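Handing you this structure, nothing more for now.
The values are calculated or read from the model by the stated rules, or taken from the named source; none is laboratory data. Bear in mind the structure is a predicted one, so any value in this text is a computation, not a measurement. Every residue, glycine among them, receives a Cβ derived from its backbone with ideal geometry; neighbour counts consider all protein chains shown.
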Amino acid sequence: MKTSVSTLPFLKTAACPASATLLSFRTGSASAKVANSVQQHLESCDFCNAESRLLAHHTPNRKGLKAPEIPMNLRILAEAILSRR
């Protein structure tokens, strides 16, 4: 006998808060209204709950630091792949 289990897809939807909003919630810099909304959303969204826990490890970018440049051979490959679309 097979039992049917209904699961929600594990993905971000249009109803999910942006990553920046989740980050401000995690750091405590969100307004009370936004924090309340995010908290309610996290109670029912496994994806955002996981993303929020991941964002707990985020280190803010400090002034004067910039992202490293992509290696030229990787840039050429990425541009070739993206230009096919």
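Only one of S44, S52 is under 24 Å from L23 (Cβ atoms), surrounded by 12 or more Cβ atoms within 10 Å (Cβ to Cβ) and at pLDDT 90 or above. Can you tell me which?
Values: S44 fails: surrounded by 12 or more Cβ atoms within 10 Å (Cβ to Cβ).
Result of the check over S44, S52: S52.
Then there is this: Scan segment 13-40 for residues that are more than 14 Å from the chain's Cα centre (by Cα) and of a type outside the set (A, V, I, L, M, F, W, C) and jot them down. Step through it out loud before you land on a result.
Initially, segment 13-40 is screened for residues more than 14 Å from the chain's Cα centre (by Cα), giving 27-37, 39-40.
Matches in segment 13-40: T27, G28, S29, S31, K33, N36, S37, Q39, Q40.
Does segment 14-41 hold any residues that are assigned to a loop (DSSP other than H, G, I, E, B), surrounded by 12 or more Cβ atoms within 10 Å (Cβ to Cβ) and among the aliphatic types (A, V, I, L, M), and which are they?
A30
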